[in-house]
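Here is the structure we will look at, set down as structure tokens.
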Amino acid sequence: MADEGVDHPGLIVPVGHVEPVPRRIRAQVGGRWVFDTRRARYVWEWPGYPQYSIPLRDLAEGVLTDDGRVGRLGPGPARRHSLRIGSEVREGAAWVWDEGAPAELIGTARFRWDALDAWYEEEEQVFVHPRSPYTRVDALRSSSRVRVEVDGTVLADAPSSVKLFETGLPTRYYVERTHVDWTLLRRSDTVTACPYKGRTSEYWSFARGPVVHEDLAWAYDFPTVSCAAVAGMVAFYNEYVDLYVDGVLLPRPTALSRAQWDKGQRAGS
């Protein structure tokens, strides 16, 4: 039975699930290609999103060195390897799956995302983590009125919105900037990225007296094509504001659910 306090579909992919990647996957370090493959595998180490596992035969020659350390990731055992390409060295950059891991993963390596400088699906750069084939993101124009308050202070009141629906996350409500009270917000230096929406262009915080609410709102001025409808609009974290949609106060999602989603990264914005 669905939790009545949750307004979005949950995650359904079990840890250890493996599927073929139908896209060309490449990555660079120091301007050099580490690998170029059309035979990658998706592997889920937790239900939120997959990682790529790259066939060893598609790596640049001699880039991995066994560190002599054996560990266990969600799907099974693996050996840690460091990466050397050109003058660049990245310690502990990859795990090569060992005996006892799913058969589809044997002979492949799972790279730590931030150990590589840039990842590409076909010709498009991908940020933060691979896009899950089981995640859907839809940005839909809506006539729903949205009002945002913090501690009784109205930060935004918009007659319409764009609702962004993303599998496993609360619905996000984007409003036009003209309906935000900018006298109450100050810009921060925070920048986050999302594999489905792109990089944020701005974040804003709200302060009243000694109480500071950091990074309550954000915008994507140049989102991905699939989320173009939110370009230049502003959204607020449902977790930290009072959000009224068509006059009805929405229950706040727990901050823990967001932390579980991105494991400490702000990918859920």
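Highest mean first, the peptides 188-197, 136-145 sorted by other C-beta atoms within 10 Å per residue fall in the order 188-197, 136-145.
Between Glu99 and Thr190, the modelled label-to-label distance comes to 4.8 nm, taking each label 7 Å out from Cα in the direction of the beta carbon. Multiplying the residue separation of Phe222 and Arg32 by 0.36 nm and subtracting their alpha-carbon distance yields 65.7 nm. Positive end of the dipole of the stretch 18-126 (Cβ unit charges, origin at the Cα centre): among Gly31, Ala103, Tyr52, the Cα lying farthest that way belongs to Ala103.
With r defined as the distance between the Cβ atoms of Arg177 and Ala207 and R0 fixed at 22 Å, what FRET efficiency is calculated, to the nearest 0.05? Let's see the in-between values first.
Numbers: r = 20 Å, r/R0 = 0.89.
Working from the Cβ atoms, E equals 0.65.
Among Val175, Trp218, Thr192, flag the residue with its Cα farthest along the positive direction of the charge dipole of the chain, charges on Cβ as +1 for Lys/Arg and -1 for Asp/Glu. Sorting the options by dipole projection puts first Thr192.
Compute the Rg/Rh shape ratio of the chain: radius of gyration over Kirkwood radius, all on alpha-carbon atoms.
For the chain, the value is 1.03.
With the convex hull of its Cα atoms as the shape, the stretch 137-262 has an orientation-averaged projected area of 7.4 nm².
Readers should treat all values here as calculations from the given coordinates under stated rules, not as data from a laboratory. Quick caveat: nothing in here was measured; it's all calculated off a predicted structure. We place every Cβ from the backbone using ideal geometry, glycine too, and count neighbours over all the protein chains shown.
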